[in-house]
1. How far apart, in nm, are two points set 7 Å out from the Cα along the Cα-to-Cβ line at GLU30 and at GLU120?
2. How would you order 55-64, 125-134 from highest to lowest mean count of nearby Cβ atoms within 10 Å?
3. Kirkwood hydrodynamic radius, computed over distinct alpha-carbon pairs, for the range 95-150: how many Å, to one decimal?
4. Rg/Rh for the chain: what does it come to with C-alpha atoms and Rh from Kirkwood?
5. How compact and how long is the range 1-76, expressed as Rg and Dmax of its alpha-carbon atoms in Å?
6. What's the extension gain from HIS66 to ILE10 if we count 0.36 nm per residue and subtract their Cα-Cα distance?
7. Over the chain, calculate the relative contact order: mean separation of alpha carbon pairs under 8 Å at least 6 apart, over the residue count, as a percent.
8. So what are the ³J(HN,Hα) numbers for the range 78-84, from phi and the Karplus equation (6.51, -1.76, 1.60; θ = phi - 60°), rounded to whole Hz, Gly and Pro as x?
Amino acid sequence: MPKGDVLERILTGRPVVPGSAKGIALVSKEPISFWGGISPRTGEIIDRRHELSGAIVTGRVFVFPHGKGSSTASAVLLESVKAGVAPAAIINLKVDPILALGSIVSDELYHQSVPIVVLEEKFFFSINDGDFLTIEPDGTVRIHTKPSTK
């Protein structure tokens, strides 16, 4: 985590796939389908209609309301873990069983999962793009932000 003056907020979420992770938040207000929406080879958001088109999820804490679409999304998450381009963690507004399945199978096959946490709306919308997040196995999300210089 960056040194210097940093503010920390602690949010309590529900772990869908427990685990620990750290990373910079990549925040979207739009749902996304991993199948056809994220490249499992590069970690790029390839859905050209999505607000984050062209962004890279690799190593980031990907914050988006929920997944949409195909059950193949679990395989895309699984393959992105295998390729080393998966998000560090995922934070959603509601449980996405398809993504949870991909993370759980990834843990079984590759001994590496993507922690997934569900937050209440008031907490979910308090995360800003670029915040440094720490995810804990119990669903705690620590948000580290630098104070505004305004």
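The numbers here are math on the coordinates, done by the rules we state, and not lab data. All figures in this text were calculated on a predicted structure; none of them were measured in a lab. When we count neighbours, we look across all protein chains shown, and the Cβ atoms used for this are built from the backbone with ideal geometry, even at glycine.
1. 3.0 nm
2. The packing order, highest mean first, is 55-64, 125-134.
3. 13.3 Å
4. Result for the chain is an Rg/Rh of 0.95.
5. So, for the range 1-76, Rg and Dmax equal 14.1, 43 Å respectively.
6. Difference between extended and current length: 18.0 nm.
7. Here the relative contact order equals 36 percent.
8. Each residue of the range 78-84 in turn: 4, 5, 5, 5, 4, 7, x Hz.
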